[in-house]
Amino acid sequence: MPADAAAVFLPDSEGNALVIRAQDGLSDSYVARQSLPIEEVRAQFRAAGEHIVLDMPGGSVGDHALIEAEGLAKLLSIPLFFEGELIGSLAIYTKDPSRSFTHEDIELAHLLAATTAIGITNSRLFAEAVAQEKLHRHLLDALGDGVVIGWPNGRCETNPRAREILGVPQLETLAELRAAVDVRDLLTGEPMKPGAYPLDRAMRGEKSRSEVVVKRPDSGERRELEVSAAPVFGPKGEVVVGVMTLHDITDLLAGEREREQFLSIVSHELRTPLTPLKALAQLVRSRMRRAQQQGTELDMESLDRNLAAIERQVDRMNGLVNDLLSVSRAEKGSLSMERVRYDLAVVLREVVQRYADATSEEGRHSFAVEAPASVPAHGDQSRIEQLLMNLVGNAVKYSPKGGPVRVALATTDRQAEIAVTDEGIGIPPEEIAKLGHPFVRGAGRAGTFAGMGVGLYVARIVAEAHAGSLALESDGDGKGTTVRVKLPL
């Protein structure tokens, strides 16, 4: 088309003005600085198919000084519309004031404007489609559950979480996915039959929900999954895609099994002291009846031993309940501390003496205390007693063959260090880091002893609640254990 210059104006980033996005025959300064207020351009055009021819700069919009400096004399402007919305304009310039735009010029300009509008619209729609695809990809990548998408032609797509759960790379087809992952029914353990895979059923137009166990091909690890699958239908009712979600319930089911095991252990631990309690109570009542019937005096020494045994069993039950309550409160963040002034050395000796008295009849353990005569401290005395009862109790329990239990208390720089040492079964090095957590018990020999796995945890949280610490030391299996507790005074 014969002209001195031409430009395509499109909205700026804020949408308030039209700026030059493509041009021919204009100076860099004009291209960079010229801007047409979009409302003024809208006022010139009511709909597509219109045009204006103007003498410049008088009737035109924009910066007149720039127009004069550029030497532009006449303008033919065609609006660019898409679905009734002004998206820009095509401007054709002449620098010759005597030049007139003919009917053929105007028809050609309309054709060029229509072509330009189509090109811009296609570009925008493509950009939107790419943006939607990126959004779709980001959403899939961000999901916490695995997603597998299958197409009728056998292709498939998995998001990163699905690949992580199943232990596979990005596979191209459903056949490859089926071959890579061993899938079995969670309840029966039977392999999934051909055609019964949730995604296969979705491709047949069926919805399904099931629980399965898969074996990761990369590591052999078993994962338990809740699987949901559903079809996506097209406009004619045909299945265009099947979508399957994978929710990993391995940890959830493991937690349920641990809770069941914990309830079983707690029931056993609380029942264990009740059996000797009942037996001792029956024995005392039998002796009292016999003495009454025979008119003889009770054996007070024997009665005292029986009552002391009853007291020990009650103390044991009380300790178990207190530990459970402490764990519950700690997990809720409500483990309270009632701080008072007390003597740590006196409390420590009292706790050790209780165990010395309780085990005196067995005669297998000896107790040694190394501590100053007095160690004034500030903290929750009952909690510290609980800590010491658990640590000394563990030292006794995990040295079944007996031997010395040494309890040392030393002070340095407003800090007390308590060390409880036994010569019992010890702890394998790889187990030390695992202990001290709720309901976690040692493996191997330690697992054969009664207990709930809370005593050491309670001791740790009590120490930490006093701004202190607890650490385990052991040279290995059969080489004894030392527990060190540091407490500020």
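General remarks:
- Rounded to the nearest 20 debye, the dipole size of segment 1-62 about its Cα centre is 100 debye, using +1 on the Cβ of Lys and Arg and -1 on the Cβ of Asp and Glu.
- Taking the longest Cα principal axis of the chain as reference, the axis of helix 103-142 is set at about 10 degrees.
- Taken over the Cα atoms of segment 18-154, the convex hull encloses 176 Å³ per residue.
- Cα-derived Rg to Rh of segment 333-413, Kirkwood definition: 1.01
- Within the straight-line cut-off of under 21 Å between alpha carbons, the lysines reachable from Lys74 are Lys95, sequence neighbours fewer than 8 places apart in one chain being disregarded.
- Here the average projected area of the convex hull drawn through the C-alpha atoms of the chain stands at 44.4 nm².
- A straight Cα-to-Cα reach below 14 Å connects Lys278 with the aspartates and glutamates Glu311, residues fewer than 8 places away in its own chain not being considered.
- Per-residue extension of 0.36 nm, minus the Cα-Cα distance of Val314 and Ala175, leaves a gain of 43.6 nm for this segment.
- Mean projected area in nm² (Cα convex hull; one quarter of hull surface) for segment 120-171: 4.4 nm²
- The C-alpha atoms of the chain define a longest principal axis, and helix 250-294 lies at about 20 degrees to it.
- In the chain, taking the dipole from charged Cβ atoms about the Cα centre, the farthest positive-side position among Ile20, Leu171, Ser77 is held by Leu171.
- In this structure, the pairs whose alpha-carbon distance is over 23 Å, taken from Lys134/Lys207; Lys134/Lys215; Lys434/Lys486; Lys401/Lys434, are Lys134/Lys207; Lys134/Lys215; Lys401/Lys434.
- Cβ-derived FRET efficiency at R0 45 Å, Glu83 paired with Ser208, nearest 0.05: 0.60
- Potential lengthening between Met337 and Ser123 on full extension [0.36 nm per residue; Cα-Cα distance subtracted]: 70.3 nm
- In this structure the chain gives 55 Å² per residue of accessible area when probed at 1.4 Å with all protein chains present.
- Pair His247, Arg290: separation of 7 Å Cα→Cβ label points (nm): 6.4 nm
- Relative to the Cα centre, the charge distribution of the chain, modelled as +1 at Lys and Arg Cβ and -1 at Asp and Glu Cβ, gives a dipole magnitude of about 2740 debye.
- Gyration tensor (Cα) of segment 70-138, equivalent ellipsoid semi-axes in angstrom: 35, 13, 8
- Computed over protein heavy atoms with a 1.4 Å probe, the carbon and sulfur contribution to the accessible area of the chain reaches 53%.
- Taking the longest Cα principal axis of the chain as reference, the axis of helix 344-358 is set at about 60 degrees.
- Whole-angstrom gap from segment 180-243 to segment 27-49, using each part's C-alpha centre: 57 Å
- Here Leu187 and Asp477 are evaluated by their C-beta separation; at R0 = 60 Å the FRET efficiency comes out at 0.95.
The values are calculated or read from the model by the stated rules, or taken from the named source; none is laboratory data. Please read these numbers as outputs of a predicted model, since none were measured by experiment. FYI the Cβ positions are ideal-geometry reconstructions off the backbone, even for glycines, and counts take in every protein chain you see. Please note that ligands, DNA and RNA were not included when accessible areas were found on the heavy atoms of the full protein model with its side chains. Shrake-Rupley method; radii C 1.70, N 1.55, O 1.52, S 1.80 Å.
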